Amino acid sequence: MVNELITDMLKYHSSEGSMDTLLDGYYLESVDMQSFNVMIIDVLSWLRLGYQRELWKKEKKYVKQKPLDINLKYPWCKILKELTETNARFHKYFFITDKKFDFRESVTNEERVNAMKLVYDKFPKKMIT
């Protein structure tokens with residue numbers, strides 16, 4: 001379930017989790033850990049904003065969900081692309097192109113909203129640094 005992956009990302013960010021839990025089978029020796037951490041923060045921030053958009057929709061504000069824009073010139077984007085393409089857990093729930101990162105169509109809207117709410121509740125805006 002996507003929430004298990006998101007929970008592991010939140011644990012990793014708060015240093016309660018381990019890389020082994022988050023990235024089973026992903027080769028990390030050549031990865032710049034600072035860029036990896038930026039990637040985790042950016043994905044969590046995107047999910048948090050996604051839930052904020054859901055709240056705005058309930059207030060009748062015209063907003064829609066958007067994919068995370070990426071630029072492969074940045075190391076964190078390259079890591080995200082590689083991770084999404086090679087890690088079974090990421091690949092199951094997300095897809096990536098040269099410019100966008102988003103949920104796979106197989107992830108239901110309910111699963112998406114639940115994952116975004118989990119981040120919204122556990123990843124306060126003030127933590128985003």
Worksheet item: Is at least one residue of region 60-77 part of a helix (DSSP H, G or I) and charged (D, E, K, R)?
Response: no
Worksheet entry | Within region 1-45, tally of residues that are among the acidic types (Asp, Glu), at pLDDT 85 or above and exposed (fewer than 15 other Cβ atoms within 10 Å of the Cβ) | 1
Response to the item:
By residue number, the members of region 74-118 that are under 18 Å from residue 9 (Cα atoms) and of a type in the set (Ser, Thr, Tyr) are 84, 86, 93
Item to complete: Would you be able to tell me the number of residues in region 92-119 that are in a helix (DSSP H, G or I), of a type outside the set (A, V, I, L, M, F, W, C) and either more than 12 Å from the chain's Cα centre (by Cα) or at pLDDT below 95 (or both)?
Response: 6
Practice prompt. Determine which member of the set 35, 45 is small (Gly, Ala, Ser), in contact with a Phe, Trp or Tyr (Cβ under 6 Å, 6 or more places away or on another chain) and either touching a residue at least 24 places away in the same chain (Cβ under 8 Å) or at positive phi (or both).
Written response: 35
Worksheet item: For region 78-91, does any single residue satisfy the condition of being surrounded by 15 or more Cβ atoms within 10 Å (Cβ to Cβ), in contact with a helix residue (DSSP H, G or I) (Cβ under 8 Å, 6 or more places away or on another chain) and at pLDDT 95 or above?
Response: no
Worksheet item: Any idea which residue in region 53-69 is modelled with the lowest pLDDT, counting only those that are within 25 Å of residue 95 (Cα to Cα) and of a type in the set (A, V, I, L, M, F, W, C)?
Response: 63
Fill in: Selection from region 44-74 of residues that are among the β-branched types (Val, Ile, Thr) and out of contact with any helix residue (DSSP H, G or I) (no Cβ under 7 Å at 6 or more places or on another chain)
none
Discussion item. Looking at region 59-81, I want the residues that are within 17 Å of residue 115 (Cβ to Cβ) and have a partner that is at pLDDT 95 or above and part of a loop (DSSP other than H, G, I, E, B) with Cβ atoms under 9 Å, at least 6 apart or on another chain. Which pairs are those?
Written reply: 80/70
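The values are calculated or read from the model by the stated rules, or taken from the named source; none is laboratory data. None of these values were measured; they are calculated from a predicted model. Here Cβ is always computed from backbone atoms with ideal geometry, including for glycine, and neighbour counts include all displayed protein chains.
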